[in-house]
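A quick write-up on the structure given underneath.
We did not get these values from a lab; they are worked out from the coordinates using the rules stated. These numbers come from a predicted model, not from an experiment. Cβ coordinates were reconstructed from backbone atoms using ideal geometry, including for glycine residues, and neighbour counts include every protein chain displayed.
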Ligand SMILES: Cc1ncc(C[n+]2csc(CCOP(=O)(O)OP(=O)(O)O)c2C)c(N)n1
Ligand code: SF4
Ligand SMILES: [Mg+2]
């Protein structure tokens, strides 16, 4: 299937990503199953078993080892991938940082699931938000198509010589990973040509040029190395639009840091991550029919955080409501905090409020989105207040 | 064909070992001797070593940025994951070879090195997983019987009565009370593995086991008793001697298990009592001042005696009966 021409096929988000991985055909995949990421690993293991891909798979005994093996493989000079969710990501945490600071261009699809405890298997963003300062580039996708596209695009972004950083492509657990939607697949050869061959830098397997990875780096150099990492992250701002443009050429689909939806004349704007953007778009359309000047700013890229775009699209609005699918105990929710601080220097700051919703997979309905917008429109919205949508108090 | 000292001298008169001068280990430390014997054997056999190292004394002292004492490719990832890391490297090698990106003639030796903390304790899961998956690598444990890098804390390898900072010999408690884990047995219990115990005080036995490990068609594990002069409180020039004493007292029997078949590679004609090993190290000095010292040392003696008898019996019982 999907050999020569782009095809529209109904698949789950997990399948879409597994196919992206099949087309990327990394040298090494090391993975450990966890709901709701499991189907990605299962589909991919089948591709390996059937000889559809040449990839070597490492069925590790834990996620900590998955990320550790990926670090080893990437340092050796291979294109390496893994995928995980929630507790698996938390178990990897130590090595997630090491992958980034070793500047290894690994792409990892993450299927968002609430972190324990209590244990839960459904979607929220607490897992990936806990990694937001790990030095990984982070995308949040709205649907299976975006999960597929951004997984492919991320290979080029991660491996770009001015970036060389790992990327997490985050899709909402069950909502995207297990929901079936039509996805337009690119032909295999087009994807292969787009991702090209990895150009390893300092591969361990090059015994003619031996290198030392992971030295002890003390107060005399550590800081400079961190500064370089900060710079690499900044370079994403320049490199991502270039890679996105090339992806547009092969797919006709445009990606950017954010997606403005009906923002031109919008007075009241909502900001969100992930699949909830679909619900918000629907509600915006509905409320616009009723004459409300509402709009949406969808955040695709959360790290590096697109501060300029936030200022550009949100300055001068009457109100901005930020939806967060995770909490930061004792502080502001992550997306809200980032949006708020981005607007500090803007000439005319909107009235700004935080709405936490959907923890542990609690659904978000059109009425919930309407409720938040209506608070804005009616002037009832209290600035800098933390509201909860869909919660029994 | 076992390597000879002559052959080694020939090879290394014009080749460096892989671990060069300039590292900051204490003079007399057993760990670098273990590492060098392993690398020399591999290089003399025509292998290109790739080294993965777990966090610990040797790792921090050999790679203080911007310096590195390693002239072979080297990766340190974290403390507990050296086996998973080398699995990734070894798998990358197979993947790239399959795609024609690496010459099939190139002979790599994938080494993972870990201290006892990184092996018996925090890294045991990662090691077990890598062995179960059958990666072709040689794991080398340099066993100094405690967390030395962090200042002599107890590990699953610390023997009873040895002074450590987390199981100190106190007024009530005589230091660590539990026996050392039997790591060779733990590893040998995996299927399709070669596991052996060596000492730096017997380089011929050491090198022949590394040779076997490298030629073994699957994962292998070598446990090398590598005294820490600092926390065993022994003189700098007694490191090698201490390992010989460990063999002479049955404290560290030299043997190997190849797919379930036991072979004791050195059988001293006469043994010395374990108290000789204990007395030679100041880490036991506080124990020896206690009224229950004799009982504790006797317990170790009973243990090593029984273990030796069991090893002899296992050697008999498993002869010509490989698990596969
Ligand atoms: C996850 C984690 N926990 C704890 C440490 C702190 N730590 C670093 S090295 C070490 C002990 C190492 O002991 P061992 O493996 O026996 O090596 P040695 O230093 O004795 O050579 C510890 C506890 C760490 N680096 N990482
Ligand atoms: S403290 Fe012990 S293990 Fe560490 S370098 Fe010194 S002698 Fe070796
Ligand atoms: Mg130790």
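If you take every DSSP beta bridge fully contained in chain B, what fraction is antiparallel? Give it as a percent rounded to 5.
Expressed as a percentage, antiparallel bridges in chain B total about 30.
Calculate the translational D of the stretch A:169-240 in whole µm² s⁻¹ from Stokes-Einstein, where the hydrodynamic radius comes from the Kirkwood formula applied to all Cα pairs, the temperature is 10 °C and the viscosity 1.306 mPa s.
91
Throw me the Rg/Rh for the stretch A:176-329, computed over C-alpha atoms with Kirkwood Rh, two decimals.
We get a ratio of 1.08 for the stretch A:176-329.
Considering the stretch B:273-324, what Rg and Dmax in Å follow from its alpha-carbon atoms?
Over the stretch B:273-324's Cα set, Rg and Dmax evaluate to 16.2, 50 Å.
Just the Cα atoms of chain A: what Rg and Dmax do they give in Å?
20.7, 70
Considering the alpha-carbon set of the stretch A:1-40 alone, what are its Rg and its Dmax in angstrom?
Here Rg and the maximum Cα pair distance are 11.7, 33 Å.
Dividing the convex hull volume of the alpha carbon atoms of chain B by its residue count, what do you get in Å³ per residue?
Spelled out: Cα convex hull of chain B, divided by residues, is 137 Å³.
Say each of residue B:319 and residue A:289 gets a label point 7 Å from the Cα, pointing the same way as Cα to Cβ; how far apart are those two points in nm?
Here the modelled spin labels are 8.9 nm apart.
Can you tell me how much longer the chain between residue A:254 and residue A:42 gets when fully stretched, taken as 0.36 nm per residue apart minus their C-alpha distance, in nm with one decimal?
Stretched out fully, the residue A:254 to residue A:42 stretch lengthens by 73.3 nm.
Report, to one decimal in Å, the Kirkwood hydrodynamic radius for the stretch B:1-138 based on all distinct Cα pairs.
Computed over the stretch B:1-138, the radius equals 15.9 Å.
Under the classification rounded if a/c is under 1.5, otherwise prolate if a/b is larger than b/c and oblate if not, where does the stretch A:192-275 fall, given a ≥ b ≥ c as square roots of the Cα gyration tensor eigenvalues?
Since a/c reaches 1.5 but b/c is at least a/b, the shape of the stretch A:192-275 is classed as oblate.
Tell me, how many Å apart are the Cα centres for the stretch B:119-178 and for the stretch B:66-99?
Centre-to-centre (Cα) distance: 23 Å.
Where does each of B:101, A:254 land when they are ranked from fewest to most other beta-carbon atoms within 10 angstrom?
So the residues, fewest neighbours to most, are A:254, B:101.
Name the most mobile residue of B:93, B:142, B:251, meaning the one with the largest mean-square fluctuation, in a Gaussian network model of chain B with Cα contacts below 10 Å.
B:93
Helix-derived [θ] at 222 nm for chain A: sum -39500 (n - 2.57) over DSSP H runs of at least 4, divide by residue count, nearest 500?
-12500 deg cm²/dmol
Normalised radius of gyration for the protein assembly as shown, please: alpha carbon Rg relative to 2.2 N^0.38 Å, two decimal places.
That works out to 1.09 for the protein assembly as shown.
For the stretch A:277-393, what ratio Rg/Rh do Cα atoms give with a Kirkwood hydrodynamic radius?
0.93
Stick to Cα atoms and the Kirkwood definition of Rh, then tell me Rg/Rh for the stretch B:198-253.
Reported Rg/Rh, Kirkwood definition of Rh: 1.05.
Express in whole angstrom the spacing between the alpha-carbon centres of the stretch A:173-222 and the stretch A:333-363.
If we compute the Cα centre of each part, the gap is 32 Å.
Over the protein assembly as shown, what is the percentage of antiparallel beta bridges among all DSSP beta bridges, to the nearest 5?
If we restrict to bridges inside the protein assembly as shown, about 25 percent are antiparallel.
Based on the inverse mean of 1/r over its pairs of different Cα atoms, what is the Kirkwood hydrodynamic radius of the stretch B:229-324, in Å?
It works out to 14.9 Å.
For the stretch A:101-260, just run the numbers: alpha carbon Rg, then divide by 2.2 N^0.38 Å, N being how many residues it has.
Its radius of gyration relative to the 2.2 N^0.38 Å reference: 1.16.
Exposure proxy check: A:237, B:145 ranked by fewest other beta carbons within 10 Å?
Arranged by neighbour count, lowest to highest, A:237, B:145 become A:237, B:145.
State, as an integer percentage, the relative contact order of chain B based on alpha-carbon contacts under 8 Å between residues 6 or more apart.
Relative contact order of chain B: 16 percent.
Give me the Kirkwood hydrodynamic radius of the stretch B:134-199 in Å, from all C-alpha pairs, to one decimal place?
With all distinct Cα pairs of the stretch B:134-199 included, I get 13.6 Å.
Report the far tail of the P(r) of the stretch B:91-228, meaning the percent of Cα-Cα pairs longer than 27 Å.
Above the 27 Å cut-off, the stretch B:91-228 has 30 percent of its Cα pairs.
I'd like the antiparallel share, as a percent to the nearest 5, of DSSP beta bridges with both residues in chain A.
Expressed as a percentage, antiparallel bridges in chain A total about 25.
Kirkwood Rh over alpha-carbon pairs of the stretch B:161-271, then Stokes-Einstein at 25 °C and 0.890 mPa s: what D in µm² s⁻¹, rounded to an integer?
In µm²/s, the coefficient is 158.
Using a basic spin-label model with each label point 7 Å from the Cα along Cα→Cβ, how many nm lie between residue A:54 and residue A:231?
The modelled label-to-label distance comes out at 3.6 nm.
Plugging the Kirkwood radius over Cα pairs into Stokes-Einstein for the stretch A:1-104, at a temperature of 20 °C and a viscosity of 1.002 mPa s, what D comes out in µm²/s?
152
Just B:83, B:13, B:126 to compare: in a GNM of chain B, with alpha carbon springs under 10 Å, which one fluctuates most?
Comparing B:83, B:13, B:126 in the GNM, the peak value goes to B:13.
When the Cα centres of the stretch A:240-315 and the stretch B:184-210 are compared, how far apart do they sit, in Å?
61
Any idea what the relative contact order of the stretch A:112-214 is, in percent, if you count C-alpha pairs under 8 Å spaced at least 6 apart?
Relative contact order comes out at 26 percent.
Subtracting the Cα-Cα distance from 0.36 nm times the residue separation, let me have the gained length for residue B:177 to residue B:125 in nm, one decimal.
Roughly 16.3 nm would be gained on extension.
Return the distance in nm (one decimal) between the two label points of a simple spin-label model at residue A:264 and residue B:191, each offset 7 Å from Cα along Cα→Cβ.
6.7
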